[in-house]
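Undergrad: First the structure, then my questions, so here it is.
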Amino acid sequence: IKTIINCASLTKVDVCEENIREAFESNSNYIKKITSEIWGPNINFIQISTDQVYSGPGPHSEKETSPVNVYGLTKALGEEYSKALNSTILRINYVAKSKINSKISFTDWLYNSLKKEEKITLFKDILFNPLHISDICESIINVIKNPKKGIYNLGSKDSISKASFGMKFANKLSLPTKSITIGSFQESNLKARRPKDMSMNISLFEENFQQRLPTIDDSINKICEDYM
């Protein structure tokens, strides 16, 4: 069995909101073109999707999609195009230390801002359950070895607010926190709406792929080790 993994995407939420055509081309139509070029029953297609297809109270099961912004909408449509193949769709949110200087991750931004004691706001009203990139990679390898068609949530077992995540991250790395303001998304000037609860129920992935996923504290410990 041959595997194709599609990670290509326009992931900047506010950029998608301002560039709707580009968002649809990158996150939806591109996948439609890929699937039209691929044929054969022995190809497993892995589509990397996002927890931004959810909104409302979580943790969300795979059936509960309700995107609130252009990014989430285009990724959801990309999932539909993926279904033309023998596809495994993984909805993820991950934390990682970036190895590309031009692409700063969420934790890179946190770390750099706190080291410089720059004023930042962390949202107390946005929940997520990200997974460390090493566990994402392990899970994808598991899918390659044992492909199963369907949509699966892939994240940590429990959820946390972005504010609590940031504070735990800072405290574990002994970073100064006096420049942090704990605020609400409603008070921000971000262009695109954000779902307040992106937390995902990951039991379906665990059951189907026989893999025990870590807790959010495990994921925080792993990402902190990357910066030590």
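The values are calculated or read from the model by the stated rules, or taken from the named source; none is laboratory data. As the structure is a computational prediction, the values presented were derived from the model and not from experiment. Cβ: placed from backbone, ideal geometry, glycine included. Neighbour counts: every protein chain shown. With ligands, DNA and RNA removed, areas are computed over all heavy atoms of the protein, side chains included. Shrake-Rupley method; radii C 1.70, N 1.55, O 1.52, S 1.80 Å.
Undergrad: Would you tell me the accessible area of Arg194, worked out with a 1.4 angstrom probe on the heavy atoms of the protein chains, in Å² to the nearest 10?
TA: 50
Undergrad: Could you calculate the contour length gain from Glu17 to Lys119, that is, 0.36 nm times the residue separation minus the distance between their Cα atoms, to one decimal place in nm?
TA: Between Glu17 and Lys119, full extension yields an extra 34.2 nm.
Undergrad: Could you work out what % of the accessible surface of the chain is carbon and sulfur, using a 1.4 angstrom probe and leaving DNA, RNA and ligands out of the count? Walk me through the intermediate numbers first.
TA: Working: 5890 of 11770 Å².
Result for the chain: 50 percent of the exposed heavy-atom area is carbon or sulfur.
Undergrad: Which of the following values of Cα extents along the principal axes in Å was calculated from the structure shown: [x] 57, 38, 35; [y] 67, 47, 31; [z] 48, 46, 39?
TA: Among [x] 57, 38, 35; [y] 67, 47, 31; [z] 48, 46, 39, the one derived from this structure is [x].
Undergrad: How much of the DSSP bridge set in the stretch 75-191 is antiparallel, in percent, rounded to the nearest 5? The partial results should precede the final answer.
TA: On the way: 2 of 13 bridges.
DSSP beta bridges in the stretch 75-191 are roughly 15 percent antiparallel.
Undergrad: So which chymotrypsin sites (Phe, Trp or Tyr not before Pro) in the stretch 5-89 pass both tests, a DSSP loop state and at most 14 other Cβ atoms within 10 Å of the Cβ? Could you put the intermediate results ahead of the total?
TA: Numbers: sites: Phe24, Tyr30, Trp39, Phe45, Tyr54, Tyr71, Tyr81; in loops: Trp39, Tyr54.
The qualifying sites are Trp39.
Undergrad: What dipole magnitude, in Debye to the nearest 20, does the stretch 108-228 give about its Cα centre under +1 on Lys/Arg Cβ and -1 on Asp/Glu Cβ? Could the numbers behind the result be given before it?
TA: Details: 18 positive and 15 negative charges, 69 e Å.
Here the stretch 108-228 has a charge dipole of around 340 debye.
Undergrad: Could you tell me how far the Cα centroid of the stretch 157-228 sits from the Cα centroid of the stretch 74-128, in Å?
TA: 10
Undergrad: Any idea what the alpha-carbon Rg over 2.2 N^0.38 Å comes to for the stretch 9-70? Intermediate values should be presented prior to the final figure.
TA: Numbers: Rg = 14.0 Å, N = 62, 2.2 N^0.38 = 10.6 Å.
It is 1.33.
Undergrad: Moving on to the next point. Within the stretch 137-228, how many Lys pairs sit with Cα atoms under 16 Å apart, leaving out pairs fewer than 8 places apart on the same chain? It would help to have the intermediate numbers written out before the result.
TA: Numbers: Lys157/Lys222; Lys162/Lys172; Lys162/Lys196; Lys168/Lys178; Lys168/Lys222; Lys172/Lys222.
Step by step, the pairs that qualify in the stretch 137-228 add up to 6.
Undergrad: If you don't mind, another one. Put Tyr111, Tyr94 in order of accessible area, largest first, 1.4 Å probe: what do you get? Before the final figure, lay out the partial values.
TA: Numbers: Tyr111 50, Tyr94 120 Å².
Most to least solvent-accessible, the answer reads Tyr94, Tyr111.
Undergrad: Can you give me the accessible area per residue for the stretch 2-47, using a 1.4 Å probe, in Å²? List each step's numbers first, then the result.
TA: Working: 2830 Å² over 46 residues.
On a per-residue basis, the stretch 2-47 sits at 62 Å².
Undergrad: Based solely on its DSSP helices, what 222 nm [θ] is calculated for the chain when runs of n ≥ 4 H residues each add -39,500 (n - 2.57) and the sum is averaged over all residues, nearest 500 deg cm²/dmol? Kindly include the intermediate steps, with their values, before the conclusion.
TA: Working: 9 runs with 85 residues, N = 228.
When only DSSP H runs of four or more count, the value is -10500 deg cm²/dmol.
Undergrad: Can you put Met200, Met167 in order of accessible area, largest first, using a 1.4 Å probe?
TA: On the way: Met200 5, Met167 60 Å².
Order by accessible area, largest first: Met167, Met200.
Undergrad: In straight Cα distance, which aspartates and glutamates are under 12 Å from Lys115, not counting same-chain residues fewer than 8 positions off?
TA: Once the sequence-local aspartates and glutamates are set aside, nothing remains near Lys115.
Undergrad: For the stretch 70-106, list residues with backbone N below 17 Å from a point placed 7 Å from the Cα of Lys33 toward its Cβ?
TA: In the stretch 70-106, the label zone of Lys33 (backbone N under 17 Å from the point 7 Å along Cα→Cβ) covers 75, 78-79, 81-82.
Undergrad: Excluding residues on the same chain fewer than 8 positions from Lys63, give the aspartates and glutamates whose Cα lies under 20 Å from its Cα.
TA: Asp51, Glu79, Glu80, Asp158, Asp197, Glu206, Glu207
Undergrad: Here is a follow-up. Divide, for the stretch 103-167, the radius of gyration over alpha carbons by 2.2 N^0.38 Å, where N is the residue count.
TA: Numbers: Rg = 15.4 Å, N = 65, 2.2 N^0.38 = 10.7 Å.
Normalised Cα radius of gyration, the stretch 103-167: 1.43.
Undergrad: Roughly how many Å² of Ser105 are accessible to a 1.4 Å probe, to the nearest 10?
TA: 30
Undergrad: So how much slack lies between Trp109 and Leu204, counting 0.36 nm per residue of separation and subtracting their Cα-Cα distance, in nm? Display every interim value, and only then the final one.
TA: Values: separation 95, 0.36 × 95 = 34.20 nm, distance 3.19 nm.
This chain segment gains 31.0 nm when fully extended.
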